[in-house]
Amino acid sequence: MNKYIASHVFPDELREMSYDELELLSYELRDFLVDSVSRTGGHLASNLGIVELTIALHRCFNTPEDKIVWDVGHQTYVHKILTGRMEGFENLRQLGGMSGFPKTSESEYDLFDTGHSSTSLSLGLGLAAARDMKGEDYKVVSVIGDGAMTGGIAYEALNNAGNMNTNFIVVLNDNGMSISPNTGGLSRSLGRITSTDKYIHMKTQVKKGFSKVPVIGESMISGIHNAKENIKYAVIDGILFEELGFKYIGPVDGHNIKEMCETLEHAKSIKGPVLIHAVTRKGKGYSKAEENPDVFHGIGAFDVETGKPTSKSKGESYSEVFGRKLTQMAGRDNRIVAVSAAMVSGVGLEGFRSSYPKRIFDVGIAEEHAVTFSAGMAKAGLRPYVAIYSSFLQRAYDQIIEDVCLQNLPITFCIDRAGVVGADGETHHGIFDISYLKSMPNMTVLAPSEPEELEKMLELSLTLEGPCAIRYPRGTGHKLKGSCEPQPGNAVTVKRGTQCQIWAAGSMVSQAISAAEILKERGYSISVVNLASLKPLDEKKIRAAGKKYPLIVTVEDGVISGGIGESISALLSGSDASVINLGWPDRFIEHGTQQQLYAKYGLDGEGIAACIEKRLKRK
């Protein structure tokens, strides 16, 4: 534990410290972050980039009376340290330990349990509206990143805030990492300004005038060009926000504590909504993270000297298998296009981008747009593959129904991180997709039990004439005996037995096989079925099982409520078979490793075996 940081009582003492002391504190915080995250893993680059900004916020605002709302929340490690939680970093993101995101149960300084992007402006504006209605007098600050500003809900909030004209401060943390300069809307607005007739005429006249100046004329033109680019960047951003009703301040150096504090104090005195544009550098202070901020965005334990992971997973991840296979398929079929919502690397599409740069579309943190955009391409005859994490795809629920399923368009949703994902916890577990996707007309839902099945399902999806969702887990998988040739409505028996049959979906097939092996050693005969097609179900085989087995157990890496188990139970309602549905309970699941969570909730081999043995003994 860092003795310098521990010797202070934060955030109160921040308000008494000199700027030199605050500067020293920023160095100590970075040293602590690098050392701590190197042992536990976590989000490093974003937190290194927001050290001074966080210090300035807690110095200038009387938290927790004044409210700070963090967008996404993976950049709140410094905030946690400055609000009395440094000791919690020993067990960061571990089962029973401190969350890597804001958590209301941890501290009164955390206002919301957050983990998804672009929401802080709406949340902050709601707090400000409630404050005004109740006649209270506290400040509200929403911190949002440049990547999060690509989300549509952020602009809805900005528009609403300008119309309400309430006292509300927005800090735009611009680290230049998430908005492509070639595709960002702000970049296009600069292009439009410089293409108007008046601008071109003025520029031509100025150039003619300076070109007549002996010796220094050309250098003056070059200098003006460079200055013009900087001025455009500063001014046009301001115009955008000013037009929405905000007072714009910036750009401001987000690593200059004194400048940030002076700017925040000024913003506090302004009536109405204010936007402060703070420019920061992701990974600042640790060279490895500065050079590779994407790698150090979210990283496991690593060696501080080399920056290399201290442990490596064996084999390809499901994401890598998906990306490799789709790239192969794209070589045979030029209709295939890939769509990502600011997660090209995360979903395994870097290779596809290298091979087919004109056939991949990164739309930014805009899942709703990604889906409807893909619908437009599908309507025009292309075959879009939309790769999005399960928990983020929830944001596009309406678009999947209205713009894809209702039109019966051939779009394949490649749902990465389905099921529990581990250390990121409640906001990132992908345990709801089965329950909502299977209720959608025209949708086919598939779940591979191992990587080879994922490849086969991708091939199958290209033959379907309607929407298809393929859900697969985080991490690596290994080949199982009896992997199937997937077809809609087809389930495959991978292990035979007589006393009980387990119907398992996706990643739960390996856990079911493990349970069957455990029970075999205890003298029981257990059958296992790979439920590769979650919709449509293999109804014929399910009804036949109800006549053959006295006990049927369903296991899925999704919530029980509305899940596959309930559908199977309904199909067997008239049979003599007893049915047990295993899955995630009706609650939000905490953070921990995948295997720890499976064990805690009885979804590992031992837990499934114990449940079955208890029921068989009772019979």
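The values are calculated or read from the model by the stated rules, or taken from the named source; none is laboratory data. What you are looking at is a predicted structure, and each value in this text was computed from that prediction instead of being measured. Ideal geometry is used to build each Cβ from the backbone, glycine not excepted, and the neighbour counts take in all protein chains shown. Heads up: the accessible areas ignore ligands, DNA and RNA and are worked out on the full protein's heavy atoms, side chains in. Shrake-Rupley method; radii C 1.70, N 1.55, O 1.52, S 1.80 Å.
Structure notes:
- Given charges at Cβ of Lys, Arg, Asp, Glu: the chain dipole, positive-most of 251, 573, 135: 573
- For residue 580, the amide hydrogen comes within under 5 Å of the amide hydrogens of 552, 553, 554, counting only partners 5 or more places away or on other chains and with H modelled in the peptide plane.
- Residue 105 paired with residue 481, simple spin-label distance in nm, labels 7 Å along Cα-to-beta-carbon: 4.1
- Shape call, the range 277-344: gyration tensor on alpha carbons, a/c limit 1.5: oblate
- Built amide H within the under 5 Å cut-off of residue 171, gap 5+: 142, 143, 144, 276
- For the chain, the longest principal axis of the C-alpha atoms and the axis of helix 19-40 are separated by about 20°.
- Assigned charges on the beta-carbon of Lys, Arg, Asp, Glu; the range 533-619 dipole about Cα centre (debye): 500
- Averaged over residues, the count of other Cβ atoms within 10 Å places the peptides 292-304, 40-52 in the sequence 40-52, 292-304, highest first.
- For the chain, with all protein chains in place and a probe radius of 1.4 Å, 51% of the accessible heavy-atom surface sits on carbon or sulfur.
- Anisotropy class of the range 230-341 from Cα gyration tensor, a/c 1.5 cut: oblate
- Only Lys, Arg (+1) and Asp, Glu (-1) charged, at Cβ; the chain dipole about Cα centre in debye: 2080
- Inter-site label distance for residue 520 and residue 304 at 7 Å from Cα along Cβ, in nm: 4.9
- Cα shape, the range 1-121, gyration tensor, a/c 1.5 rule: oblate
- Peptides 468-477, 601-610 ranked from most to least packed, by the mean per-residue count of other Cβ atoms within 10 Å: 468-477, 601-610.
- Toward the positive end of the charge dipole of the range 425-563, with +1 on the Cβ of Lys and Arg and -1 on the Cβ of Asp and Glu, the farthest Cα among 563, 470, 441 is that of 563.
- Heavy-atom SASA rank of 103, 312, 438 (probe 1.4 Å, accessible area, largest first): 312, 438, 103
- Per residue, the chain exposes an accessible area of 43 Å² to a 1.4 Å probe, with every protein chain left in place.
- You can think of it this way: the chain between residue 165 and residue 35 has 42.4 nm of extra reach, that is 0.36 nm per residue less the Cα-Cα gap.
- Between the labelled values (i) 1.08; (ii) 1.32; (iii) 1.01, the entry that holds Cα Rg over 2.2 N^0.38 Å as derived from this structure is (i).
- Between residue 500 and 527, the built amide H atoms are under 5 Å apart, and every one of these is 5 or more places off in sequence or on another chain.
- Subset of 288/358; 67/268; 103/134; 479/535; 438/540; 325/358 violating a 20 Å alpha-carbon distance limit: 288/358; 103/134; 479/535
- Linear extension gain, residue 586 paired with residue 291, 0.36 nm per residue minus alpha-carbon span: 101.9 nm
- Ordering 421, 328, 594 by Cα displacement along the dipole of the chain toward the positive end leaves 328 in first place; charges were set at the Cβ atoms of Lys, Arg (+1) and Asp, Glu (-1).
- Cα centre as origin, Lys/Arg/Asp/Glu Cβ charges: the range 318-419 dipole, Debye: 460
- Highest average packing first - 70-83, 502-515, Cβ atoms within 10 Å: 502-515, 70-83
- In order along the range 121-132, the phi-based Karplus estimate (6.51 cos²θ - 1.76 cosθ + 1.60, θ = phi - 60°) of 3J(HN,Hα) comes to 5, 5, 5, x, 5, x, 4, 5, 5, 5, 4, 5 Hz; Gly and Pro are listed as x.
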